[in-house]
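Attaching a single structure in structure tokens format; questions to follow.
The values are calculated or read from the model by the stated rules, or taken from the named source; none is laboratory data. The shown structure was predicted, so the numbers you read here are calculated from the model rather than taken from an experiment. Positions of Cβ are backbone-derived with ideal geometry, glycine not excepted, and every protein chain shown enters the neighbour counts.
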Amino acid sequence: MRSEYLDNKIWRDGTTCVNMLRLGRGPFFRFCKLFRDRKLLEDTIHLSIEKQVAMFLHIVGHNVRNRIIGGNFGRSGEVVSRYFKKVLHAVGELRGDLIRKPSLETQSKIEGNYRWDPYFKDCIGAIDGTHVRASVTKDTEHSFRGRKIHTTQNVMAVVDFDLRLRIQRLQWRFNSWRRTKRVFGLLGM
């Protein structure tokens, strides 16, 4: 039953694997091999590295609760939580390999191109904001109410031309103009 979920449901074909884990089979197994080679995770009596990483990716990719994952993988919510934390820590250890500081050089497609250069001169990326759900205490709940039914928090981000996150800004309260000015000040605008 426990390995049946992985064998029959997730690893059946590439499309199902991408739909369930948000990662193809090849990259998934390379990711697991990286954890194994660097000794960031290890197989236990109860769970292989592949199952640990599959549970983690399923939770992160679909915002699924531990209880649901526990039911799918035949584990308790506590076990799922414990292994989620282990994999999260292991991913954090790979931050130097996974996250690189972007260069401020203008992309070759834009630089010197008469069609794009005038419009993107001195541009470092795109900025946008969105509201995401927030869990807050009752006494501060009024500050996080907007047009949505649930409480939200405004997140503003700058993305460079390589679609990498440059600056992320969380906004609390309805003091957005001052905070927006501060973000633009950080960008040198």
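Under 9 Å by Cβ, and 6 or more places apart or on different chains, what pairs join a residue from the stretch 13-40 that is free of Cβ contacts under 8 Å to residues at least 12 places away in the same chain and closer than 16 Å to M55 by Cα with one that is of a type in the set (K, R) and surrounded by 15 or more Cβ atoms within 10 Å (Cβ to Cβ)?
Hits for this filter: C17/R25; V18/R25.
For a quick check of your reading: which helices (runs of 4 or more DSSP H) sit entirely within the stretch 1-69 and have at least 1 residues that are among the aromatic types (F, W, Y) and either assigned by TED's automatic domain parsing to the domain that holds E93 or at pLDDT below 85 (or both)?
25-37, 49-62
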